[in-house]
1. Report the Cα-based extents of segment 120-210 along its three principal axes, largest first, to the nearest Å.
2. Whole-Å semi-axes of segment 48-118's equivalent ellipsoid, largest first, each the root of 5 times a Cα gyration tensor eigenvalue?
3. Given 0.36 nm per residue, what is the gain on full extension from residue 118 to residue 197 after removing their alpha carbon distance, in nm?
């Protein structure tokens, strides 16, 4: 037998049942939030995101032409205006790279730490560039740690052995020949093409002699 689900019955249950009222308000609230998020995404975030993609091109063009100061001036406001958007994050990455060209490594690290993108390559490069900054600042242990983090972030035949190699050279600079040798050996065992290009056995032999 079907229960009575008339409008008056529902109203009566709603008035007399606290739990039902709470659930109804909660579900209603979720619906409002979901609709609000949907409207924000369609009418505000998406158009702003598309604008952000176009906004960084001027700065990128300056960077491509090695016009560092002009690139910095063009990218700085884009980073601020479109923070969290795709274009803003790419602008921040490029901006940080230009700061590195100016020798402003601490500021570059701050910007690189703020880069948040789904693109695996840019994410890996953001970590690797932080390692480059630390290396330029002669903080070789910190640099090595960041290079290893970048190497492990996305395994491939290009960035992984590149950053392992950089980590190994930093380890050598602080006389950690055991770590350097292990990193060179990892390249030899897992990335033969890169190992051949770099004549990696030579570096292994050098690390073992120290």
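1. Result for segment 120-210: principal-axis Cα extents of 35, 28, 16 Å.
2. Over the Cα atoms of segment 48-118, the ellipsoid semi-axes are 18, 14, 8 Å.
3. Residue separation times 0.36 nm, minus the Cα-Cα distance, leaves 25.4 nm.
Bear in mind these aren't lab numbers, they're just calculated from the coordinates by the rules spelled out. Here the structure is a predicted model, which is why all the values come from computation and not from measurement.
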